[in-house]
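The values are calculated or read from the model by the stated rules, or taken from the named source; none is laboratory data. Predicted model, so just to flag it, every value in this text is computed and none were measured. Because the Cβ atoms are built from the backbone with ideal geometry, glycine has one as well, and the counts that use them run over all protein chains shown. Only protein heavy atoms, including side chains, enter the accessible area calculation; ligands, DNA and RNA are left aside. Shrake-Rupley method; radii C 1.70, N 1.55, O 1.52, S 1.80 Å.
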Amino acid sequence: MPRNRLILRQILLSASSLFVCLSAWVLVGVLAGSGSRALIALSVVPMLAGLLLPVTVWFAGEDPRDRGAGWFAAIGLVTLLFAVAASFGVSATYLELAGHRVPVVVTAGDGAARDGYQLVAVRAVSTGEELGEVLFFAERDLRAGDRLVAMVDPLGWFPPGTAQPSPGRQRATETLAVAGSAMLVVLTAARVRRDLHRYDFTGSRRPQRS
C-alpha cells in the first residue's frame, strides 16, 4: 500500500466515524426536541448507535493488536464530545437557519426563574394565536404583558422557544465541538504517523508478528 493511501485511509476512517456519530446524534436531538414522550423513548436507538458505531468504524481494518485500550478510550471520548454537542445544538442550529421569529406577548406566568429558564404562556402579537406554554431563557422574571420573540419551526416539529439556549449552554456546546474536532485531528495524525513509521521499516502498516 503506497504511503499516500495510508494517509488517505486514516482520514477516511476518521471522517466516516465523524459522519456516523453526527448523523446519529442529530437524529437524537430531533427526536428528543419534539417533546413527544414516544419519540423521546425512540431516540434511545440512535443514541446507542451513535455511541457504538463511530468507534466500530474507526477501527475498521485494524489489526487486533492495534486495538488497545488507549485508542478505545481516546476515540470513545471524541465520540462522547460530539454526541453531547450535536444533541444540544441541533434544534437551535436548525431553527436559527430555518425558523421564523415571531413577536409574542406573555399572557400568563409565575414569574419564577429556574436556572435562568421560565415557562410562560404566550400569544402571537400579529395574529393573536395562542402558542401555549413556551420555555424562555431570560435574565429577568417574565410576567403577563412582557413582549418577547419566539422562534417557531415552520414544520411544526420543535415547540416555540426551542432555539433559545442559555449563553452558558451555547458556549459549552461550542467548546465541546471544538475539543472533539481537535482530538480527532490529533488521533488521526497519530495513527498516520504510526502506520508510516511501520511502512518505512517493514513495508507494511500492520504490526510484525513475533
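In debye, nearest 20, what is the charge dipole magnitude of the stretch 120-210 about its Cα centre with +1 on Lys and Arg Cβ and -1 on Asp and Glu Cβ, if you could check? Could you put the intermediate results ahead of the total?
Details: 13 positive and 10 negative charges, 211 e Å.
Its charge dipole is roughly 1020 debye.
Using only the alpha-carbon atoms, how far is helix 44-58 inclined from the longest principal axis of the chain? Give it as 0 to 90 degrees, nearest 10.
It is inclined by approximately 30 degrees.
Work out the charge dipole of the chain with +1 on the Cβ of Lys and Arg and -1 on the Cβ of Asp and Glu about the Cα centre, then indicate which of V44, G61, A182 is farthest towards its positive end.
Of V44, G61, A182, it is G61.
In what order, largest first, do M183, M151 sit by accessible area if the probe radius is 1.4 Å? Mind showing how you got there, number by number?
Numbers: M183 60, M151 10 Å².
Largest accessible area first, the list is M183, M151.
Roll a 1.4 angstrom probe over the protein heavy atoms and tell me the percent of accessible area of the stretch 1-128 that is carbon or sulfur. List each step's numbers first, then the result.
Working: 4680 of 6580 Å².
Within the stretch 1-128, the accessible surface is 71 percent carbon and sulfur.
Tell me, what is the per residue accessible area of the chain in Å², probe radius 1.4 Å?
Values: 11730 Å² over 210 residues.
Ligands and nucleic acids excluded, the figure is 56 Å² per residue.
Accessible area, 1.4 Å probe, largest first: how do V55, V104 sort? Intermediate values should be presented prior to the final figure.
Numbers: V55 25, V104 0 Å².
I get V55, V104, largest accessible area first.
Kindly write out, for the stretch 70-87 in residue order, the coupling ³J(HN,Hα) from the Karplus curve 6.51 cos²θ - 1.76 cosθ + 1.60 (θ = phi - 60°), rounded to whole Hz, with x marking Gly and Pro.
3J(HN,Hα) across the stretch 70-87, in whole Hz: x, 5, 4, 5, 5, 6, x, 5, 4, 4, 5, 4, 5, 4, 5, 4, 5, 5.
Kindly provide the trypsin sites (Lys or Arg not before Pro) of the stretch 37-127 that DSSP labels as loop, not H, G, I, E or B, and whose Cβ sees at most 15 other Cβ atoms within 10 Å. Intermediate values should be presented prior to the final figure.
Values: sites: R37, R65, R67, R101, R114, R123; in loops: R67.
Loop-located and lightly packed - R67.
Could you order T79, T127, T107 so the one with the most accessible surface comes first? Probe is 1.4 Å.
Working: T79 5, T127 100, T107 50 Å².
From most accessible down to least: T127, T107, T79.
In percent, how large is the relative contact order of the chain, given Cα pairs closer than 8 Å and 6 or more residues apart?
On the way: 308 pairs, mean separation 47.5, N = 210.
It comes to 23 percent, rounded to a whole number.
What is the angle, in °, between the Cα long axis of helix 167-202 and the longest principal axis of the Cα atoms in the chain? Nearest 10 is fine, range 0 to 90.
Roughly 10 degrees, rounded to the nearest 10.
Going by amide H atoms built from the backbone, whose H comes under 5 Å of the H on V104, apart from near neighbours?
For V104, whose amide H was placed from the backbone, the distant partners under 5 Å are V125, L148, V149, A150.
Run the accessible area of the stretch 136-210 with a 1.4 Å probe and give the carbon-and-sulfur part as a rounded percent.
57
Cα atoms only, the chain: Rg and Dmax in Å?
22.9, 78
Would you mind calculating the gained length between R171 and A190 on full extension (0.36 nm times residue separation, minus the Cα-Cα distance), in nm to one decimal? Mind dumping the intermediate values first?
Numbers: separation 19, 0.36 × 19 = 6.84 nm, distance 2.85 nm.
That works out to 4.0 nm of additional length.
Using DSSP loop states and a limit of at most 16 other Cβ atoms within 10 Å to flag GluC sites (Glu not before Pro), what is the longest stretch of the chain containing no flagged site? Mind showing how you got there, number by number?
On the way: sites that count: E62, E129, E139.
Within the chain, the longest run free of exposed GluC sites (Glu not before Pro) spans 140-210.
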